[in-house]
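Novice: Below you will find the structure I want to go over with you.
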Amino acid sequence: MAQVDENHVIAERREKLKAIRAQGVAFPNDFKPDALAANIHADHGDAENEVFEAKAVNVKVAGRMMLKRVMGKASFATIQDGSGANAGHRLQLFISRDNIGEEAYEAFKHWDLGDIIGATGYLFKTKTGELSVKVTALRLLTKSLRPLPEKFHGLTDQEVKYRQRYVDLIVNEETRATFVVRSKVVSAIRNFMIQNEFLEVETPMLHPIPGGASAKPFMTHHNALDMQMFMRIAPELYLKRLVVGGFERVFEMNRNFRNEGLSVRHNPEFTMMEFYAAYTDYHWLMDFTEQCIRAAAIVARGTATLTYDGKVVDLSKPFERLTIVGAIQKYAPQYTLAQLNDVAFLRAEIMKHGTKPFDHAGLGALQLALFEETAEAQLWQPTYIIDYPVEVSPLARASDKNPEITERFELFITGREMANGFSELNDAEDQAARFTSQMKAKEAGDVEAMYYDADFIRALEYGMPPTGGCGIGIDRLVMLITDSPSIRDVILFPHMRPEA
RNA sequence: GGGGCGUUAGCUCAGCUGGUAGAGCAGCGGACUUUUAAUCCGUUUGUCGUGGGUUCGAUCCCCGCACGCCCUACCA
């Protein structure tokens, strides 16, 4: 790779590294820290100097030098280690010529912000009361060749934050905090599932037939088998095969891939937690999903009452449940019930909003389209929308009372879809018929219609117990819990176009 | 795909509808033994995103392109 972005600062540091190499091992790996900044603050932050004078507390610490103040024969430096997401992972060092010797002190004066250093010394408090290490020995562990962003303003360029996340993480506390919260959300959900006796499983990412959702897949090719394969768009059909096999409660939290547009809510690969529980239905799923999300918020943030984009989102109360028509009536009350059941009216009304419904769209699909145009974005507080039409739900169990609708829900929070679940279709013959109708739609030009998965039908023919299943969008949930405006803010390495 | 905004030093940003660029930080040299974005003195650094056009002259005006952000569309 050409070093297109070399500059005089980097050149200066390369010269320094050259001199260090000439003196011996430039990248030593024999310094073993025995304490972390956050723990030191926690354990000794309240102690006064008399305590340290009575009994010296010796520490070996290491980290990246973030601040450096040289005042003649004595200096302060601030290092940052991996011990926390807040200012607690920083620690101040007091370095003086008299304590570490002339030669070491001269060397230190030429070290740079960003260098990784190791310090041995003992704790004390400065005049202003800051817990610090009086350094008795100091070593350069890794020379940093590239200058860090400006120490006060940090890194604000959105593009560089995404492309060079490592720099973003070094200098922006909020970024570190976001991904620590993400990790807590993921582990909270995993714990919640395991506590509820779900088995965590891993199903294929490479599918011979893409299934489980209506989406455009990424295509790839397996050389040895000389066959086309698809990156999975959803794990659904494999997880249900496991329910057939007798794993009656399974979940998988992993990546799905969809070859579609990017936006603040869409990344081509995203994380979904999908779960199936035999002998449950969509009512149970809604109760359970609600508890799971609430538990994740409480573990990650300590509360189920969140703020998103300056507005309260209350996850602590039972989530509202509305039918599609009910939601339109609540959020777009200008429509009469008669209009909402009038196919011609709905079609015209949707066209007015700039969307052209499919020619074959039935009443339910049209009601859904109008809901999406008028009500969806207003669902700020957690709301379940229920009773989705059969024609857009090829894997969901139809209602026993009304064969046109399914026992399905989607969960909306802050106007965004967070989860989608339903009582599963376990009638193999009905499922085969639904696949056949999807194939017809595909032949008619619907690129997102599903493929016919004969092995999945065969599995259902062995008998799948009545089951409920649901998928929760982890990235969007983390956006909500971390008050992040873009999905890219909660994905460590979001997809970008190649650099120019 | 459509629209808006942006791209100037390593970073954060100024730059008067036109005369080929500045500040702070970082860097380099110096002073300084309790600083907190340390301070003080001196000092280096730019294909002004890119390619055309207009002009005596373009960072600035016009057009194309690239990349980014936002909105919109698509996408359950």
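Novice: Looking at the range A:111-126 only, could you name the residues that are farther than 13 Å from A:I40 by Cα, of a type outside the set (F, W, Y), under 40 Å from the mean Cα position of the chain (by Cα) and within 10 Å of RNA strand B (Cβ to nearest atom)?
Specialist: If the condition is that a residue be farther than 13 Å from A:I40 by Cα, of a type outside the set (F, W, Y), under 40 Å from the mean Cα position of the chain (by Cα) and within 10 Å of RNA strand B (Cβ to nearest atom), then A:D112, A:L113, A:G114, A:D115 are the ones that fit.
Novice: In the range A:174-182, is there at least one residue being outside any helix (DSSP H, G or I) and of a type in the set (S, T, N, Q)?
Specialist: no
Novice: Collect the residues in the range A:436-452 that are over 29 Å from the mean Cα position of the chain (by Cα) and among the charged types (D, E, K, R), keeping them in residue-number order.
Specialist: A:K440, A:K442, A:E443, A:D446
Novice: Here's another thing I want to ask about it. With the structure loaded, tell me whether A:T436 is surrounded by fewer than 15 Cβ atoms within 10 Å (Cβ to Cβ) and among the hydroxyl-bearing types (S, T, Y) or whether it fails that test.
Specialist: So A:T436 fits the description; yes.
Novice: Kindly indicate whether any position in the range A:242-252 is touching a residue at least 12 places away in the same chain (Cβ under 8 Å), closer than 20 Å to A:F493 by Cβ and not basic (K, R).
Specialist: no
Novice: Wholly within the range A:209-273, which strands (runs of 3 or more DSSP E) include no fewer than the required count, namely at least 3 residues that are closer than 21 Å to A:R416 by Cα, within 17 Å of the chain's Cα centre (by Cα) and of a type in the set (V, I, T)?
Specialist: The strands (runs of 3 or more DSSP E) meeting that bar number zero.
Novice: Go through the range A:182-196 and count every residue that is surrounded by fewer than 19 Cβ atoms within 10 Å (Cβ to Cβ), touching a residue at least 24 places away in the same chain (Cβ under 8 Å) and touching an Asp or Glu at 6+ places or on another chain (Cβ under 9 Å).
Specialist: 1
Novice: Pick from the range A:36-94 the residues that are more than 16 Å from RNA strand B (Cβ to nearest atom) and free of Cβ contacts under 8 Å to residues at least 24 places away in the same chain: which of them is surrounded by the most Cβ atoms within 10 Å (Cβ to Cβ)?
Specialist: Out of the qualifying residues, it is A:D43.
Novice: Would you confirm whether any residue within the range A:85-100 is out of contact with any strand residue (DSSP E or B) (no Cβ under 7 Å at 6 or more places or on another chain), over 22 Å from A:I170 (Cα atoms) and in a loop (DSSP other than H, G, I, E, B)?
Specialist: So far as the range A:85-100 goes, no, none of its residues is out of contact with any strand residue (DSSP E or B) (no Cβ under 7 Å at 6 or more places or on another chain), over 22 Å from A:I170 (Cα atoms) and in a loop (DSSP other than H, G, I, E, B).
Matching residues to (1) at pLDDT 95 or above; (2) within 30 Å of A:V181 (Cα to Cα):
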| site | (1), (2) |
| --- | --- |
| A:P28 | yes, no |
| A:K60 | yes, yes |
| A:I79 | yes, yes |
| A:G82 | no, yes |
| A:N86 | no, yes |
| A:L93 | yes, yes |
| A:I100 | yes, no |
| A:K125 | yes, no |
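Novice: Another one. Where the second residue is modelled with pLDDT of 85 or more and near RNA strand B (Cβ under 6 Å from one of its atoms) and the first is in a loop (DSSP other than H, G, I, E, B) and charged (D, E, K, R) and lies in the range A:143-159, which pairs have Cβ atoms under 7 Å and are six or more apart or on separate chains?
Specialist: Here the result reads A:K151/A:L67; A:K151/A:L113, each pair linking the range A:143-159 to a residue that is modelled with pLDDT of 85 or more and near RNA strand B (Cβ under 6 Å from one of its atoms).
Novice: Does A:T203 satisfy the criteria of being in contact (Cβ under 8 Å) with a residue 12 or more places away in the chain, more than 12 Å from RNA strand B (Cβ to nearest atom) and in contact with a strand residue (DSSP E or B) (Cβ under 8 Å, 6 or more places away or on another chain)?
Specialist: yes
Novice: Among the listed residues A:Y276, A:Y238, A:Y282, which satisfies the condition of being within 17 Å of A:M205 (Cβ to Cβ) and touching a Ser or Thr at 6+ places or on another chain (Cβ under 6 Å)?
Specialist: A:Y238
The values are calculated or read from the model by the stated rules, or taken from the named source; none is laboratory data. Small disclaimer: the values here were computed from a predicted structure and weren't measured. All Cβ positions, glycine included, derive from the backbone under ideal geometry; neighbour counts span all protein chains shown.
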